[in-house]
Amino acid sequence: MLLHHKFIETAKQYGNKLAIVDRTTNRRITYARALIASLILSEKLKKYDPGFIGIMIPTSAGCLLTMLAALMSGRTPVMINYSTGAAQNAEFGQKKCDFKTIITSRALLEKINCRIVPGMVFIEDIMNEITVYDKLSAAVKSKLSAGMIQSRVAAGNGDDNLVVLFTSGSEKDPKAVQLTHHNIESNIRSLTQAYGLRADDIFLGNLPYFHVFGQTANAWAPLYLGMTVVTYANPLDFKTICDIVREEKCTLVAGTPSFFWGYLHKSQPGDFESARIILTGADKCPDALRKGFMEKHGKVLLEAYGTTETSPAITINTSGNNKPGSVGRPIPDVQVRVENYETGEGCKTGEIGKILVKGPNVMKGYFDDFEQTSLAIRHGWYDTGDMGWMDEDGYLWHVGRLKRFMKVGGEMVSLIKVEDVLEKFLPPDTECCVVEIPDALKGARIVAAITNKIDEKAILKSMSEHLPNIALPKHFIHMPELPKMGSGKIDFRKVTDMVRDLVREKV
């Protein structure tokens, strides 16, 4: 089903129920009002070129309504990452997907000090153009039956693109991922079945909509099921987020480990009392973080695994089926295969290999990139580029990107495993990222970037009891903080570049 058509049905069903609580602008919008607003905006967007349309607006009611309006007007949202290099990302998106118009916010550009890119249209100006006639016309249309409203907005089928998202670019240039209505709807259905998602849930919407986790969890799942989504534009405003969860009685909270570290430190006991599901993903969840949430809030952090290309969920832990440290079992209707990265044969239980995924959640492909699409998807199986192993109970254990394995002296070393061991001996509140840099003799060296001063000799001695010598870091580089992507994931590419520069200075 087309998800903007599904929203129309939901809006007609839930009418006066709150659809969006926007804590950035302090607006509280019912489903009936959200329907009217999206119908007004859809008419305004029809004057722009058909096809793709860029959207670069922070997580808010405005962004949600613009996404809905774009789809109703027959346009496909291309979400632009504004967290770093916004202007360059806007131009990259325009060139990659061959479109001109980007709906953005003048307030955002001023806040992030971003120059105006040709083709940018400000949502503030669009709002100022809205007339009394526009409002009355949309209000009248909103009173029609769901079927009649659906017949008056853009049609299509479930295999049409719902959104185009760009991969993080943490390792190389971003790729344009085409996710269809069917892709994301299938993920919502699977997650609803696994977690018992329901209309009376209140979802904290603090993730950016240019990230797939934000799209599915903080946008389409709430609108699909008739939940209330509580939006807030800055997930790094840790104290405010904790206040919002407590005040709005959020039942569903999702985020990355780096976000949850901030929430743990800035929260008070009771802030997360209303949360029945707290879901973490994108990076490995440290044992210390899980322990901290249990001790302070009596809440279990459930770890999940997904990718942009899979809409995103692949495997999840649930309250009834949870193995801390694993990333859970495959969601309903999705298959996971672990195969030898050299031979392509299926791996035995406990044997590390490449993670492949098959199911209705797998993307249509990378836009205008047949070569990368054909390399990523073969016979319906999507190669995640990640490594892991399955245990005897069907739980997947993620051990890192294939690119985060390295050969040292002819042996394969997992940088994720080195991080896991290192984390156990670091002082509290210390983040780490282990990277490789070139070495003239052995081909590569392992270097650990950390955010606090440590006793290096003592740490290495402790690590040597769990790792072979070739897997021990050769240098420790202190950084005040590790660079992050807008999603909260560590930017490995940037960390590696910084470490290489700092090691040259150190040696």
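The values are calculated or read from the model by the stated rules, or taken from the named source; none is laboratory data. The structure presented is a predicted model; accordingly, all values stated were derived computationally and were not measured. In this analysis, Cβ positions are derived from the backbone assuming ideal geometry, glycine residues included, and neighbour counts consider all displayed protein chains.
Just a few scattered comments:
- Considering residues of the stretch 467-504 that are loosely packed, with under 15 Cβ neighbours inside 10 Å and within 33 Å of the chain's Cα centre (by Cα) only, the residue farthest from Thr280 (Cα to Cα): Asp501
- Flag if Glu342 is free of Cβ contacts under 8 Å to residues at least 60 places away in the same chain, under 29 Å from Val177 (Cα atoms) and surrounded by fewer than 16 Cβ atoms within 10 Å (Cβ to Cβ): yes
- Of all the residues in the stretch 37-53, those that are farther than 20 Å from Trp220 by Cβ and either part of a helix (DSSP H, G or I) or touching a helix residue (DSSP H, G or I) at 6+ places or on another chain (Cβ under 8 Å) (or both) number 3.
- Looking across Thr59, Thr66, one residue alone is assigned to a loop (DSSP other than H, G, I, E, B), crowded, with 23+ Cβ neighbours inside 10 Å and modelled with pLDDT of 95 or more. It is Thr59.
- Each residue in the stretch 339-365 was checked for being in a loop (DSSP other than H, G, I, E, B) and either more than 23 Å from the chain's Cα centre (by Cα) or not hydrophobic (A, V, I, L, M, F, W, C) (or both), and 16 of them qualify.
- Asp455 passes every criterion in (1) of a type in the set (Asp, Glu); (2) touching a strand residue (DSSP E or B) at 6+ places or on another chain (Cβ under 6 Å); (3) surrounded by fewer than 21 Cβ atoms within 10 Å (Cβ to Cβ) apart from (2).
- Selection of the stretch 366-399 for residues being in contact (Cβ under 8 Å) with a residue 12 or more places away in the chain, over 21 Å from Ile331 (Cβ atoms) and assigned to a strand (DSSP E or B) yields only Tyr366.
- Residue ID - nearest to the chain's Cα centre (by Cα), chosen from residues in the stretch 126-146 that are part of a helix (DSSP H, G or I) and surrounded by fewer than 12 Cβ atoms within 10 Å (Cβ to Cβ): Asn128
Conditions tested, residue by residue: (1) over 30 Å from Ile80 (Cα atoms); (2) at pLDDT below 85; (3) assigned to a loop (DSSP other than H, G, I, E, B).
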residue	(1), (2), (3)
Glu481	no, no, yes
Gly486	no, yes, yes
Met498	no, no, no
Asp501	no, yes, no
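- Filter result for Asp159 (surrounded by fewer than 18 Cβ atoms within 10 Å (Cβ to Cβ), of a type in the set (Asp, Glu) and touching a helix residue (DSSP H, G or I) at 6+ places or on another chain (Cβ under 7 Å)): yes
- Some residue of the stretch 413-421 being part of a loop (DSSP other than H, G, I, E, B) and either in contact (Cβ under 8 Å) with a residue 60 or more places away in the chain or over 22 Å from the mean Cα position of the chain (by Cα) (or both): no
- Within the stretch 76-92, the residues that satisfy the criterion of being in contact (Cβ under 8 Å) with a residue 60 or more places away in the chain and more than 22 Å from Ala233 (Cα to Cα) are Thr76, Phe92.
- Selected residue [without any contact (Cβ under 8 Å) to a residue 40 or more places away in the chain, among the hydrophobic types (A, V, I, L, M, F, W, C) and outside any helix (DSSP H, G or I)] from Ala254, Ala304, Ala282: Ala304
- When the stretch 83-119 is filtered for residues that are over 22 Å from Leu41 (Cα atoms), in contact with a Leu (Cβ under 9 Å, 6 or more places away or on another chain) and either of a type in the set (Ser, Thr, Tyr) or crowded, with 20+ Cβ neighbours inside 10 Å (or both), only Ala86 remains.
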